[in-house]
Amino acid sequence: MQAAHARNAIPTLGRDVDPDALYAALADAGCLVVTDALPLAQCRRIERELAGAMDAARVVEQDDPAQFYAGRTRRVTGLVSRSETVREVILHDVSRELAERHLGAHCERIQLHPTAALSIGPGARVQELHREEDLFPFFPEPRPNLILASMWAISDFTADNGGTLLVPGSHTWRGERQALPSEVVAAQMPAGSVLYWLGSTLHGGGANISNSWRYGVILTYSLGWLRQEENQYLDVPPEVLATLTPALQALTGHVMHGGLGFSVADAAAAVDAAVDAT
Ligand SMILES: O=C(O)CCC(=O)C(=O)O
């Protein structure tokens, strides 16, 4: 009875909890909320830094149910180049601790996968449940650990305003098993919290039946030798790359992974040297 209850809930822990205990909860349920991870002042700074891009984002008013992305949503990618505060959040201690535990044994270094600000507006429908690792169908199931996703709550997330839907426990499912409605749980968390889920966990954006926009920032990490979902080589051009710390330069993937990724470009060579020196 207790196990069934645990499977139907997203574990929620504070950021002062020991990283091993955080990862144990994440690995067990396939998802985890960590509260009080980001001061509200930083949430507001992210909003300000991305306001121009979010205002300019195209909002599809006429929803097409066949589309992966629901209408009445705003999506802005390329966040490393757009927001200094997002750069800090990418390097957040808790994310790095969890990503190292989930991915570190299978690569020389982890990397950033996609970055996006996702805002779900009033009237938006639910998104189809999916797994981040669906982009890598070439691995037989069960797939190795490939991806860790995080969703930072910039506004409060509720069951009514499009809080991300998760299927706790679905990271252990095989084949075509579909989630029953009773197995789907909305992440409800105050602004400043962060939701983590594994690449094998079913999830999707929730429907927004409220009057306000839900605002989240998704930052995903993957094994350092996988093709990144977002093309960071183009989205972080050399002039931006030169302004990043070595740790962030390494995360964007502009550093060789073993023998992979050599280049004649001065910028890439300088980054390799800077990272080697740390
Ligand atoms: O917006 C969300 O809560 C989830 C978004 C998502 O999973 C996606 O866009 O692939």
Checklist entry - Just one of the numbered conditions (1) more than 12 Å from the ligand (Cβ to nearest atom); (2) surrounded by fewer than 18 Cβ atoms within 10 Å (Cβ to Cβ) is not true of ARG109; which one? => result (2)
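Residue-wise test of (1) part of a helix (DSSP H, G or I); (2) modelled with pLDDT under 95; (3) on the phi < 0 side of the Ramachandran plot.
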{"residue": "ALA6", "(1), (2), (3)": "yes, yes, yes"}
{"residue": "ILE10", "(1), (2), (3)": "no, no, yes"}
{"residue": "TYR23", "(1), (2), (3)": "yes, no, yes"}
{"residue": "ALA37", "(1), (2), (3)": "no, no, yes"}
{"residue": "ALA41", "(1), (2), (3)": "yes, no, yes"}
{"residue": "GLU61", "(1), (2), (3)": "no, yes, yes"}
{"residue": "TYR69", "(1), (2), (3)": "no, yes, yes"}
{"residue": "ARG74", "(1), (2), (3)": "no, no, yes"}
Item to check | Unmet criterion (only one of (1) part of a helix (DSSP H, G or I); (2) among the aliphatic types (A, V, I, L, M); (3) within 16 Å of the ligand (Cβ to nearest atom)) for LEU98 | outcome: (3)
Checklist entry - Does ALA51 fit the bill of being within 23 Å of ALA124 (Cβ to Cβ) and out of contact with any Pro (no Cβ under 7 Å at 6 or more places or on another chain)? => result yes
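Across segment 225-257, what is the total count of residues that are away from the ligand (no atom under 16 Å from the Cβ) and within 22 Å of HIS130 (Cα to Cα)? Steps first, please.
Within segment 225-257, the subset away from the ligand (no atom under 16 Å from the Cβ) is 225-227, 231-257.
Still in the running and within 22 Å of HIS130 (Cα to Cα): 226-227, 231.
Here the count works out to 3.
Quick check on segment 187-206: of everything there that is of a type in the set (A, V, I, L, M), part of a loop (DSSP other than H, G, I, E, B) and touching a helix residue (DSSP H, G or I) at 6+ places or on another chain (Cβ under 6 Å), which residue is farthest from the ligand (Cβ to nearest atom)?
Going through segment 187-206, the residues of a type in the set (A, V, I, L, M) turn out to be 187, 189, 191, 194-195, 198, 202.
So of that shortlist, the ones also part of a loop (DSSP other than H, G, I, E, B) come out as 187, 191, 202.
Still in the list and also touching a helix residue (DSSP H, G or I) at 6+ places or on another chain (Cβ under 6 Å): 191, 202.
Values: ALA191: 14, LEU202: 10 Å.
Only one residue fits best here, namely ALA191.
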Checklist entry - Would you call SER155 closer than 18 Å to THR220 by Cα, small (Gly, Ala, Ser), in a loop (DSSP other than H, G, I, E, B) and in the same structural domain as ALA99 (by TED's automatic domain parsing)? => result no
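Looking at segment 207-224, which of the residues that are polar (S, T, N, Q) and either surrounded by 19 or more Cβ atoms within 10 Å (Cβ to Cβ) or within 11 Å of the ligand (Cβ to nearest atom) (or both) is farthest from the chain's Cα centre (by Cα)?
Among those residues, the one meeting the criterion is ASN208.
Looking at THR73, is it touching a Leu at 6+ places or on another chain (Cβ under 9 Å), polar (S, T, N, Q) and within 14 Å of the ligand (Cβ to nearest atom)? Walk me through how you get there before you give the answer.
On the way: touching a Leu at 6+ places or on another chain (Cβ under 9 Å): yes; polar (S, T, N, Q): yes; within 14 Å of the ligand (Cβ to nearest atom): yes.
So THR73 passes the test.
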Next on the checklist: Give me the residue from segment 227-250 that is in contact with a Gly (Cβ under 9 Å, 6 or more places away or on another chain) and touching a residue at least 40 places away in the same chain (Cβ under 8 Å) and, out of that set, surrounded by the fewest Cβ atoms within 10 Å (Cβ to Cβ).
Outcome noted: GLN228
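The values are calculated or read from the model by the stated rules, or taken from the named source; none is laboratory data. Keep in mind that this is a model prediction, so the values were computed, not measured. Don't worry about glycine lacking a Cβ; one is built from the backbone with ideal geometry, like all the others, and counts go over all protein chains shown.
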